[in-house]
1. In percent, what relative contact order does segment 312-379 have, based on Cα pairs under 8 Å that are 6 or more apart in sequence?
2. If I measure Cβ to Cβ between cysteines in the chain, which ones have no partner under 4.7 Å?
3. What are the extents of the Cα atoms of segment 186-325 along their three principal axes, in Å, largest first?
4. Reported to two decimal places, what Rg/Rh ratio describes segment 262-310 when computed on Cα atoms with Rh from the Kirkwood expression?
5. Please report the relative contact order for segment 280-350, taking Cα pairs under 8 Å with a sequence separation of at least 6, and give it as a percent rounded to a whole number.
6. Which FRET efficiency, nearest 0.05, do Gln245 and Glu122 yield, Cβ-Cβ r, R0 56 Å?
7. Between Arg103 and Glu9, what length in nm is gained on full extension when 0.36 nm per residue of separation is reduced by their alpha carbon distance?
8. Which entries of Lys193/Lys297; Lys15/Lys193; Lys56/Lys232; Lys86/Lys376; Lys222/Lys269; Lys21/Lys297 show an alpha-carbon separation above 28 angstrom in the structure shown?
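Here, each number is a calculation from the coordinates, and none is a lab measurement. Small disclaimer: the values here were computed from a predicted structure and weren't measured. When we count neighbours, we look across all protein chains shown, and the Cβ atoms used for this are built from the backbone with ideal geometry, even at glycine.
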Amino acid sequence: MTLAQLKDELIAYSKTIGVDKIGFASADPFLQLKDRLLTQQELGFQSGFEEPDIEKRVQPEKLLQGARTIISIALAYPSKMASPPKNTREDRRGIFCRASWGRDYHDVLRERLKKLEQFLQERVPEARTISMVDTGELSDRAVAERAGIGWSGKNCAIITPEFGSYVYLGELVTTISFEPDSPLTEQCGTCNKCVDACPTGALIQGGQLDSSKCIAFLTQTKDFLPEQYRKKLGNRLYGCDTCQQVCPENKGKDHHLHPEMEPDPEIAKPKLIPLLTMSNREFKERFGHVSGSWRGKKPIQRNAIVALAHFKDQKALQELITLLKKDPRPVIRGTAAWAIGVIGSKEEKNLLIQMKNTETDTKVLREIEIGLDLLKNKD
């Protein structure tokens with residue numbers, strides 16, 4: 001069997017296991033990416049979730065000796081729910097981004113990649129492979145761009161002609177020398193809608209992101225949210241889809257190709273108040289299968305408090321007061337104090353003064369002061 005025949009067979013096989021798009025790239029060093037990563041590092045635009053060793057991110061040979069080809073795969077996910085629950089005054093709801101609507105995509109893509117690895121190893125026993133999804137050293141986006149999966153959009157996502165940017169990406173590095181595919185021409189042109197629509201100005205310019213300002217990043221942090229971004233959060237519990245939603249290339253793109261990626265509306269858009277008192281066990285049982293749970297319940301609960309403040313939900317006040325008085329976590333107590341200041345009235349002022357006299361954490365005390373200032377403005 002020739003390499004061209006093996007490539008055709010692998011492409012055909014990928015379709016039978018639920019891979020929506022597959023592309024082949026050389027395993028040459030990513031020199032342009034290295035320059036961009038160094039710039040991001042110098043500007044302080046990194047999130048801190050990335051592989052810290054830039055050489056590993058740009059040199060596939062460091063991950064697999066003798067690497068010749070990187071195979072990129074894409075799986076499309078839905079952009080719309082069939083029956084989304086309504087966000088009402090009686091039941092305020094938060095929302096997870098679309099990439100966290102179904103089963104954790106890391107697991108889904110790893111299963112597909114493992115099957116592709118087994119397929120290759122059965123036909124070329126001497127070949128060596130490694131695969132990764134999102135948390136690996138390589139840049140999924142740089143690999144997909146080189147492999148012709150799509151072009152790198154101004155929203156820092158890969159945009160495919162077929163599925164827009166609503167795709168998960170993964171890659172497989174191999175010692176087999178497949179013929180590489182051709183990259184697609186960048187098609188964003190003069191469109192700047194994603195940059196203009198970014199709620200926090202995190203998209204500095206087309207294709208450059210300041211992760212420290214990105215709502216998708218901020219929702220995953222575990223410390224206090226910077227005050228200037230809290231109103232920007234809205235009712236987002238995890239991630240942000242704004243730059244995808246405004247993209248013209250995503251208009252009309254809504255693919256329901258994989259049952260495991262279909263959202264449970266009550267998980268994707270959960271009621272906010274019940275989240276505040278959820279135990280670790282309850283959180284894992286309910287949300288543990290989605291990618292948005294990877295940082296645990298604390299960021300989700302903190303974001304739920306911010307969302308309730310966004311809605312000025314009076315019904316949440318009693319729960320927020322309980323959190324301020326009893327929760328052992330400073331981030332939750334402090335965020336609750338701030339939210340009480342946003343939602344409450346003069347009646348809550350005495351409570352915050354009382355808590356100010358008993359609280360010992362300096363960050364929580366600062367949030368109580370902010371809450372008191374907010375209430376003072378309501379006099």
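1. 35 percent
2. Cys97, Cys156, Cys188, Cys191, Cys198, Cys214, Cys240, Cys247, each lacking another Cys Cβ under 4.7 Å.
3. Between the extreme Cα coordinates on each principal axis of segment 186-325 lie 53, 39, 25 Å.
4. My calculation puts Rg/Rh at 0.93.
5. Result for segment 280-350 is 29 percent.
6. Efficiency, from the Cβ-Cβ distance: 0.85.
7. 31.0 nm
8. With Cα atoms farther than 28 Å apart: Lys193/Lys297; Lys15/Lys193; Lys56/Lys232; Lys86/Lys376; Lys21/Lys297.
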